[in-house]
Amino acid sequence: MPITTCVFDAYGTLFDVAAAARQAAAEPGFESLQEKWPDLANYWRLKQLQYTWLRAVADAHADFWDVTQDGLDWALEATGLDGNATLRQRLLDLYWELQTYPEVPAMLAALKAGGLQTAILSNGSPPMLDGAVQSAGIGDVLDDVLSVESVGVFKPHSKVYDLVQQRFGCARDEVLFVSSNGWDAAGASGYGFVTTWVNRAQEPMDRLPWKPAHVLSDLTTIPQIAGL
């Protein structure tokens, strides 16, 4: 069936999760971060994701903002930057206004111009996602922003992917699901979505039972994959 709905993961897919650490490192007063920000950003993202998986399997759900803070605290300690309350707060503040990747606005605009439905499906809490969408100025090219908070479990639980059909009334194979997380693209593929893995870091394919239908280095050609 033709694609009618394009759904995107948020963090790392539309929004650059390294932007907070990168920007803080360039600001006065945070010189200690200048050489360590790439490691901090990588650790922060890794622990953030690991904590969502552990909470999901342990049935110990928490707001994604709590998970994000826990991940940052681990990353700060791992890089020897813990104990700097000002730096911690600045990094958290910047996470609410992450930059999109450069190709995102034009890509989303092309999907909307082509008559497709567009949405975010994210682990992020509604306030976090609203802050990021408004800061990036992409709200007018999204039909909805769906959060796992409505089902109380993180991706890749099937209840999360169910939210797309519940919202748009589309068949699974009418959905193009796009994520920068290989495990998320795999999970959505197993669920029945047509999936695209945006592999910006050129990482190996995850060893999981399902594979994404498409692998890209950025989002530029998503409209063509969607049939436009």
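Could you tell me which of the residues ASP82, ASP66, ASP73, ASP93 is within 21 Å of ASP9 (Cβ to Cβ) and either among the charged types (D, E, K, R) or in contact with a helix residue (DSSP H, G or I) (Cβ under 9 Å, 6 or more places away or on another chain) (or both)?
Details: ASP82 fails: within 21 Å of ASP9 (Cβ to Cβ); ASP73 fails: within 21 Å of ASP9 (Cβ to Cβ); ASP93 fails: within 21 Å of ASP9 (Cβ to Cβ).
Checking each option against the conditions leaves just ASP66.
What strands (runs of 3 or more DSSP E), lying completely within region 122-202, carry at least 1 residues that are open to solvent by 20 Å² or more (accessible area, probe 1.4 Å) and of a type outside the set (Ser, Thr, Tyr)? Spell out the reasoning first.
Numbers: elements: 144-147, 175-179, 194-198.
Of the strands (runs of 3 or more DSSP E) lying wholly inside region 122-202, those with at least 1 residues that are open to solvent by 20 Å² or more (accessible area, probe 1.4 Å) and of a type outside the set (Ser, Thr, Tyr) span 144-147, 194-198.
Here region 25-44 is the region considered, the condition is being touching a residue at least 24 places away in the same chain (Cβ under 8 Å) and buried (at least 20 other Cβ atoms within 10 Å of the Cβ), and the residue that is farthest from LEU121 (Cα to Cα) is LEU33. Looking across region 80-111 at every residue that is touching a residue at least 12 places away in the same chain (Cβ under 8 Å) and touching an Asp or Glu at 6+ places or on another chain (Cβ under 8 Å), the one that is least open to solvent (accessible area, probe 1.4 Å) is identified as LEU98.
Suppose we filter region 203-212 for residues that are open to solvent by 70 Å² or more (accessible area, probe 1.4 Å) and either within 15 Å of PHE177 (Cα to Cα) or among the hydrophobic types (A, V, I, L, M, F, W, C) (or both); how many remain?
If we filter region 203-212 for residues that are open to solvent by 70 Å² or more (accessible area, probe 1.4 Å), which is where we start, we get 203-204, 207, 209-211.
If we keep only those that are either within 15 Å of PHE177 (Cα to Cα) or among the hydrophobic types (A, V, I, L, M, F, W, C) (or both) too, we end up with 210-211.
Qualifying residue count for the region: 2.
The values are calculated or read from the model by the stated rules, or taken from the named source; none is laboratory data. Everything numeric here is computed off the predicted structure, so don't read it as measured data. Because the Cβ atoms are built from the backbone with ideal geometry, glycine has one as well, and the counts that use them run over all protein chains shown. Keep in mind that these areas ignore ligands, DNA and RNA; they rest on the heavy atoms of the full protein, side chains included. Shrake-Rupley method; radii C 1.70, N 1.55, O 1.52, S 1.80 Å.
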